[in-house]
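> Next up is a structure, given as structure tokens.
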Amino acid sequence: MSTLIPIAEDARSKATLEVARKAAKSQATVLITGETGVGKEILARYIHTHSAFNTGPFVSVNCAALPDNMVEAILFGYEKGAFTSAINSYIGKFEEAQNGTLLLDEISEIPLTSQAKLLRALQEREIERLGGKKVINVHIRIIAASNRDLHQQVTQGLFRKDLYYRLNVIPIHCLALKDRPNDIIPLAEYFIVHHAKQLARSVPYLTDFAKEKLLSAYWPGNIRELENVIQRTLIMTDGDSIDVDDIHLGDERVEMTNAIATPNNLYQFSSKLEAHEANIIMEVLQETEGCRTSAARKLRISPRTLRYKISKLKSIGFVVP
């Protein structure tokens, strides 16, 4: 998402932002939860900006995108020769965030085997690089984010209870976009200005009928989906206004449900190869009736990698089986 400032016009969003503002004043660990695309990273950046760590870096790491066998190496770093391909020393994300904020996004995807070492790092605020003997003290603010119910993950034995309570000092829940309707139009208008500037075109206004259409949409992809719709609308229209017929919602979702990345929606992907991959994933999910384990086996990827790819598809509006 483009905006770095949380847009909170809805009363419930204002309440969430107030919790974040108070949390920023402390050094306590914050756990931000909510569906994919609701703006968890934006809220994390807001906390960082209003905290005592704001002069330091803001480092975000998507835990779902980390290979299982490299989680500790990427988070804590490694020394030259720590393993076969370690031809140079590497500064991990904890060190990179020194005197700043480290966002551990999709924290639920950290393998159980790595959670104990993460817990120790959070408790002691010190780490050791892989293959190293030196203890490195880290002065950082930790924010974790997840689109899953971590308490349920604990109950199912998928997440350590002690790590959950270490992270859940200040819990903040980001509501789905449909549950904060008064944010929809301000967000849409922000994205119109932002993307019109990028397209070097005049800034159109939303008609009342267009606003009604945006307000009546369900938005399963939340803010990311809204931004995609606005960007698409600006690309496909060139008038001074955006009317109801200029905004397309239903047709695109039918195409996405049928797993077709057509020339009309290829712009949502960075390449034709990525669009082809999306089609294959959707086809396999339909074949396996939505069973993630079976689909991952057929695709010859790990279930964690499949969950990450599904999360990306949902963020651009795909209705995944």
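The values are calculated or read from the model by the stated rules, or taken from the named source; none is laboratory data. Bear in mind the structure is a predicted one, so any value in this text is a computation, not a measurement. For neighbour counting, all protein chains shown are included, and Cβ atoms are generated from backbone atoms with ideal geometry for every residue, glycine included. Ligands, DNA and RNA are stripped out before the accessible areas are found, and what is left, the full protein with its side chains, is counted by its heavy atoms. Shrake-Rupley method; radii C 1.70, N 1.55, O 1.52, S 1.80 Å.
> In the stretch 12-74, which trypsin sites (Lys or Arg not before Pro) fall in coil by DSSP and have 16 or fewer other Cβ atoms within 10 Å?
Counting only loop positions with at most 16 other Cβ atoms within 10 Å, the trypsin sites (Lys or Arg not before Pro) in the stretch 12-74 are K25.
> Report, ordered by chain and residue number, the lysines lying within cross-link reach of K213, taken as a straight Cα distance under 26 Å and ignoring same-chain residues fewer than 8 apart.
Counting by Cα, and skipping residues close in sequence, K213 has these lysines nearby: K14, K40, K178, K197, K312, K314.
> Counting only protein heavy atoms and a 1.4 Å probe, tell me what percentage of the stretch 4-123's accessible area is made up of carbon and sulfur.
Looking at the stretch 4-123 in its full context, I get 52 percent from C and S.
> Among bridges DSSP assigns within the chain, what percent are antiparallel (round to 5)?
Around 15 percent antiparallel, to the nearest 5.
> Looking at the stretch 277-321, which trypsin sites (Lys or Arg not before Pro) are in a loop (DSSP not H, G, I, E or B) and have at most 14 other Cβ atoms within 10 Å?
R300
> Could you do me a favour and compute the accessible area per residue for the chain, 1.4 Å probe, result in Å²?
Solvent-accessible surface per residue comes out at 49 Å².
> With +1 on each Lys and Arg Cβ and -1 on each Asp and Glu Cβ, and nothing else charged, work out how big the dipole of the chain is about its Cα centre, in Debye to the nearest 20.
1440 debye
> Looking only at the stretch 41-163, where both bridge partners belong to it, what percent of the DSSP beta bridges are antiparallel (to the nearest 5)?
Given both bridge residues lie in the stretch 41-163, the antiparallel proportion sits at roughly 25 percent.
> If you take the C-alpha gyration tensor of the chain, multiply each eigenvalue by 5 and take the square root, what semi-axes do you get, largest first, in whole Å?
Taking √(5λ) for each eigenvalue gives 36, 25, 18 Å, largest first.
> Between F58 and residues 5 or more places away or on another chain, which pairs have amide H atoms under 5 Å apart, with H built 1.01 Å from N, and which residues are they?
Distant-sequence amide H within range of F58: T101.
> Where in the stretch 68-159 are there chymotrypsin sites (Phe, Trp or Tyr not before Pro) that are in a DSSP coil and have at most 13 other Cβ atoms within 10 angstrom of their Cβ?
Qualifying residues, ordered by number: F83.
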